[in-house]
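Student: I have a structure here, written as structure tokens, and I will follow up with some questions on it.
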Amino acid sequence: MSSNIPRSHPRYESLMMRERLASGFHKGFVHETGLIAHGRGEAFDYLLGEETLPVADRASKAAAAMLLLAEHPVISVNGNVVALVAEEVVDLANRIPAKIEVNLFHRTSDRVHRLVSRMEEAGGKGVLGRNADARIDGLGHDRGWCEKKGIFESDVVLVPLEDGDRCQALRDMGKTVITIDLNPLSRTAKTADVTLVDNVVRSVPRISFWIDKLKAKSECDLLKLRDEWDNSSGLDMVLKNICSRFQKD
Ligand code: PTJ
């Protein structure tokens, strides 16, 4: 990476994330609009105090329960996710276990190949995405392509940084949709079954943590965790937390 950011810089972590995105852009992983999407995410992260809120942790626990209950769980990754958390996604997929599929909003064959190769380099086995042979119902755009044995046949799908339309289309196909989105007001956040309002760099390892904690639990306990989660109350709690920050000092 080009800039030598000193570890002592108070915003070191945040600046390093920018570096990873910029480097991912130069390697052809990240779409140029992915840099803009990251900026929006950064602004919301600032408002959240750049930490995992207790409600986001509860969402991670519910998400882990759903992924463990799933018959065909799939983790969908795009350019930003690969640039930021390739190794962490592979680790999570191994723990569940789940398939990984590269699925893009700005789809080109070149980016799909680069991203699948990067996920394989990170240790991913059988990473899907190159052989898109099915379509997400109702999406008349290249973002509708997916693999039959991946997202198309999944019952539970984790889609970090997802587009609102596609999130709705996946739900309309009867899938349980878990998303990670720093913007609690986004259509995706409101449409998903579980929304982790948190940074993908914190939330993917947090789901892995809960997978390990919950793995030995009975199906009945997992079902209880799943059914207790109320996404719209979770989003309200995040918004209250953000508002309370403006009232401080
Ligand atoms: O790689 P592609 O072609 O699939 O394109 C990926 C992007 C992200 C460009 C595409 O999916 C897109 O345009 O996404 P949106 O509609 O801008 O939504 C991205 C959402 O992710 C926004 O609500 C951001 O606030 C949020 N976000 C950005 N960075 C992070 C994030 N959420 C969690 N962690 C982040 N690091």
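Just so you know, all these numbers are worked out from the coordinates, no wet-lab data involved. Since this is a predicted model, take the numbers as computed values, not measurements. So basically every Cβ, Gly included, is an ideal-geometry build from the backbone, and we count neighbours across all protein chains shown.
Student: Looking at (1) within 15 Å of the ligand (Cβ to nearest atom); (2) surrounded by fewer than 20 Cβ atoms within 10 Å (Cβ to Cβ); (3) not hydrophobic (A, V, I, L, M, F, W, C), which is the one condition that is false for Lys149?
Tutor: (1)
Student: Let me ask something else about it. Could you say which residue among Asp137, Asp172, Asp133, Asp142 is within 10 Å of the ligand (Cβ to nearest atom) and either surrounded by fewer than 20 Cβ atoms within 10 Å (Cβ to Cβ) or charged (D, E, K, R) (or both)? Don't jump to the end; show me each part of the working.
Tutor: Numbers: Asp137 fails: within 10 Å of the ligand (Cβ to nearest atom); Asp172 fails: within 10 Å of the ligand (Cβ to nearest atom); Asp133 fails: within 10 Å of the ligand (Cβ to nearest atom).
Sole residue among the options that is within 10 Å of the ligand (Cβ to nearest atom) and either surrounded by fewer than 20 Cβ atoms within 10 Å (Cβ to Cβ) or charged (D, E, K, R) (or both): Asp142.
Student: Residues Ala22, Ala70, Ala64: which one is more than 9 Å from the ligand (Cβ to nearest atom) and touching a strand residue (DSSP E or B) at 6+ places or on another chain (Cβ under 8 Å)?
Tutor: Numbers: Ala22 fails: touching a strand residue (DSSP E or B) at 6+ places or on another chain (Cβ under 8 Å); Ala64 fails: touching a strand residue (DSSP E or B) at 6+ places or on another chain (Cβ under 8 Å).
Of the residues listed, the single one that is more than 9 Å from the ligand (Cβ to nearest atom) and touching a strand residue (DSSP E or B) at 6+ places or on another chain (Cβ under 8 Å) is Ala70.
Student: Is there a residue in the stretch 59-79 that is surrounded by 14 or more Cβ atoms within 10 Å (Cβ to Cβ) and more than 30 Å from Asp221 (Cβ to Cβ)?
Tutor: Applying the first criterion (surrounded by 14 or more Cβ atoms within 10 Å (Cβ to Cβ)) to the stretch 59-79 yields 59-70, 72-79.
Imposing the further condition that a residue be more than 30 Å from Asp221 (Cβ to Cβ) reduces the set to 78-79.
Within the stretch 59-79 (the criterion being surrounded by 14 or more Cβ atoms within 10 Å (Cβ to Cβ) and more than 30 Å from Asp221 (Cβ to Cβ)), the answer is yes, since at least one residue qualifies.
Student: For the stretch 80-93, what are the residues that are in contact with a strand residue (DSSP E or B) (Cβ under 9 Å, 6 or more places away or on another chain) and small (Gly, Ala, Ser)? Steps first, answer last, please.
Tutor: Taking the stretch 80-93 first, the residues in contact with a strand residue (DSSP E or B) (Cβ under 9 Å, 6 or more places away or on another chain) are 81-82, 85-86, 89-90, 92-93.
Of everything in the stretch 80-93, those that are in contact with a strand residue (DSSP E or B) (Cβ under 9 Å, 6 or more places away or on another chain) and small (Gly, Ala, Ser) turn out to be Ala86, Ala93.
Student: Within the set of pairs 6+ apart or on separate chains, which have a first residue in the stretch 229-244 that is assigned to a helix (DSSP H, G or I), a second that is polar (S, T, N, Q), and C-beta atoms under 6 Å apart?
Tutor: Asn231/Thr195
Student: Now, a different point. Somewhere in the stretch 189-207, is a residue without any contact (Cβ under 8 Å) to a residue 60 or more places away in the chain, assigned to a helix (DSSP H, G or I) and in contact with a Lys or Arg (Cβ under 9 Å, 6 or more places away or on another chain)? Talk me through it step by step, then tell me what you get.
Tutor: Step one: of the stretch 189-207, the residues without any contact (Cβ under 8 Å) to a residue 60 or more places away in the chain are 189-192.
Filter once more, so that each one left must be assigned to a helix (DSSP H, G or I): 189-191.
Then keep just the ones that are in contact with a Lys or Arg (Cβ under 9 Å, 6 or more places away or on another chain); that gives 191.
Yes, the stretch 189-207 contains at least one residue that is without any contact (Cβ under 8 Å) to a residue 60 or more places away in the chain, assigned to a helix (DSSP H, G or I) and in contact with a Lys or Arg (Cβ under 9 Å, 6 or more places away or on another chain).
Student: Filter the stretch 19-55 for residues that are surrounded by fewer than 18 Cβ atoms within 10 Å (Cβ to Cβ), in a helix (DSSP H, G or I) and either in contact with a His (Cβ under 6 Å, 6 or more places away or on another chain) or basic (Lys, Arg) (or both) and give the result.
Tutor: Arg40
Student: Can you list residue pairs whose Cβ atoms sit under 9 Å apart, with the first residue in the stretch 150-171 being free of Cβ contacts under 8 Å to residues at least 40 places away in the same chain and the second being among the charged types (D, E, K, R) and assigned to a loop (DSSP other than H, G, I, E, B)? Count only pairs 6 or more apart in sequence or on different chains.
Tutor: Here the result reads Phe152/Asp133; Ala169/Asp137; Leu170/Glu162; Arg171/Asp193, each pair linking the stretch 150-171 to a residue that is among the charged types (D, E, K, R) and assigned to a loop (DSSP other than H, G, I, E, B).
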